[in-house]
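The values are calculated or read from the model by the stated rules, or taken from the named source; none is laboratory data. Because the structure is predicted, anything quoted here is derived from the model rather than measured. In this analysis, Cβ positions are derived from the backbone assuming ideal geometry, glycine residues included, and neighbour counts consider all displayed protein chains.
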Amino acid sequence: MTDLLVKSCGPMTTLQDRGRLGFQGFGVSPSGAMDRRALAMANVLVGNAPETAAIEFMNLGGSFTCEGGDLHVALVGAGAAMSIDGTPVPPQTSAILKEGQVLDIGHPRTGTFAYLAIDGGFAVEPQLGSLSFHLRSRLGGLNGAALKAGDRLPCRGSGDEREPMQLVVQPPEDGGAIRVMLGPQDDYFPSETICLFLESDFTVSPQADRMGFQLTGPRLEHAKGFNIVSDGIVDGHIQVPGSGQPIVLMRDRQTAGGYPKIATVISADLGRFAQLRPGTTLRFRAVERAEALAAARGLKDWLAALPSQLTPVRFNLTTEHLLSRNLIGGTVDALASAPHE
């Protein structure tokens, strides 16, 4: 079995897949990849199912090598760059990491989260059906922890012949206001506050992590106070505590909460929202259920079509590339095969 060795990485470098679903009734957060679009793209590039666990980088990159064989690898997300032994790999392109080579991942430049997928995924024991690491409960990950220098990740490997591939596509709806559906407690806010929420600029504060993004902006006043009987939380719920500053709840959120929720980020926009860096200004736009469902179906169709968008990498025929390939085979001795006189 081939192992991926961690030489260095940031403090919140973790294993993430689609998440730990079906346990919220027991108080277990779903966790999972912050940007499922980028996770799917990285996995498709190496021939995996879109929701296979990958390494998620938050703000910082890392350095890796492998032992026991070669690995087919791909990095997608937030403008992070990948290189092998110092040679850059083009964006949204997979590559073969040969045993002993060094894989360097740069920090995300245009967002927050990037994903490194490995052909076949990781041979790590899931917890409650998922490899996703949840910081506060210490579920998932590698031995219940985030990754650190010196860790060794066993890789399954598909056993298939591997060829570098590329994806020349962009996720849908990559700009514009973040779409929300009002509620479920929008009646806890006066109409003036609803208008203020939808017509104002908000900024992502430095208090943003996998559990929630604190926003700063105009104070959102409550009509019935800011305490409610605790009820269920879903990804994208926007709570408004007593401070009047909204908090968008993310993948590592709690499963129940007692602040009124003015709106909910639609599922199709949550990955895009997750990539907003601290200091980024944004606006919200209210949509009806029909538009939210259409956007969700559109994203699902886009993800399903990703394998059909794969194309083989076309290398430039440089001297270095030609010398790296075995271009000679089936040689014969011309004299030995000549007829005797």
Exactly one condition in (1) without any contact (Cβ under 8 Å) to a residue 12 or more places away in the chain; (2) in a loop (DSSP other than H, G, I, E, B) is not met by Gln207; state its number. (2)
Which one of these is charged (D, E, K, R) and either in the same structural domain as Gly271 (by TED's automatic domain parsing) or surrounded by fewer than 17 Cβ atoms within 10 Å (Cβ to Cβ) (or both): Asp35, Asp85? Asp85
Checking Val6 against (1) surrounded by 17 or more Cβ atoms within 10 Å (Cβ to Cβ); (2) outside any strand (DSSP E or B), the condition it does not meet: (2)
So if I check each of Glu192, Glu199, Glu163, which one is loosely packed, with under 13 Cβ neighbours inside 10 Å and over 30 Å from Glu291 (Cα atoms)? Glu163
Selection within segment 46-69 - of a type in the set (D, E, K, R) and modelled with pLDDT under 95: Glu67
Looking at Gly236, Gly242, Gly212, which is the one that is out of contact with any Pro (no Cβ under 9 Å at 6 or more places or on another chain) and closer than 11 Å to Ala263 by Cα? Gly236
Is it the case that Arg152 is out of contact with any Leu (no Cβ under 8 Å at 6 or more places or on another chain) and of a type outside the set (A, V, I, L, M, F, W, C)? no
Tell me yes or no: at least one residue of segment 219-238 is outside the structural domain of Gly27 (by TED's automatic domain parsing), over 30 Å from Val44 (Cβ atoms) and surrounded by 22 or more Cβ atoms within 10 Å (Cβ to Cβ). yes
For residues that are of a type in the set (D, E, K, R) and either in a strand (DSSP E or B) or at pLDDT 95 or above (or both), scanning just segment 220-252, find the one that is nearest to Cys195 (Cα to Cα). Glu221
